[in-house]
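Trainee: Have a look at this one.
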Amino acid sequence: MMDVKRLAEISGGGGRRAVQVQAQISLPWSEAVRISIKNVILRLGRAAITGTGIVLGIAFLTYVWSDAVFSDGVKRAALEQERILAAATESVKGSAVEGQESGASAAEEAQETKAKLSLQQQEAAAEEERGARRAWLVVMALLVCGIGITNSMLMSVTERFQEIGTMKCLGALDTFVVRLFLIEAAVIGCLGSFVGLVIGFLFVMFFYSIKAGFSVMAKVSWPQLLLYMLLALLIGAALSLISAIPPAVRASRMPPAAALRTEI
């Protein structure tokens, strides 16, 4: 809270009079957080509508990243089984074909190696194409999510014209109004992102548990998966904050008298 005072002398009429002008009051962050959380609770329906977009976007993003991690785990398990099977097959072949010519055996091995390389190249190209398609879908989903959040926050500003006007008439600074809306967006974004990443992860885990059994959980790279989840949470919160900037700026620049005269 600022208690700095300055004196301004204003000339008028036949003399000079001293007018004391005090600095405006700036409320602390703790008060802004308290008011923002209270506003989210009071407008739970609007917050749920705003948060639905971020839930769906982050759920899809988490699904894509978790699917890639689980898919790598399944591939590692399959490769290990193939290596074990190949070693056993080679051992059986070695005892059964000792009398065959070495030239024919070398030619067969070369053909098998060539076929395996060709198959691996095809799988790599297909995986690259799937990755590009998933990235495009994620970008589009997050873009639509951001537009939805911006629209919901603009509607929230429109519904709260008189409330904003009252706060500004009571001395609320423009920065305080911006702070309120950004904190509300951050709270909704963090909660929505958490719910979304839980939904996305559970869906992938359920799918791969049915497809490959619970043993696949041991092959998953959990540090990489947790990193992806943390990144998804940060992306959701950042997307909510960025999308809330235009509505917050609009609310802060609203003249108090005009806001109080508005009827919704």
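Trainee: Among the residues of segment 220-229, which ones are part of a helix (DSSP H, G or I) and surrounded by fewer than 17 Cβ atoms within 10 Å (Cβ to Cβ)?
Mentor: Narrowing segment 220-229 to residues part of a helix (DSSP H, G or I): 222-229.
W222, P223, Q224, L226, L227, listed by residue number.
Trainee: Residues I199, I183, I188, I164: which one is among the aliphatic types (A, V, I, L, M), part of a helix (DSSP H, G or I) and at pLDDT below 85?
Mentor: On the way: I199 fails: at pLDDT below 85; I183 fails: at pLDDT below 85; I188 fails: at pLDDT below 85.
None of the other options fit; the residue is I164.
The values are calculated or read from the model by the stated rules, or taken from the named source; none is laboratory data. No experiment lies behind these values; they were computed from the predicted model shown. Note that each Cβ is placed from the backbone with ideal geometry, even for glycine, and that neighbours are counted across all protein chains shown.
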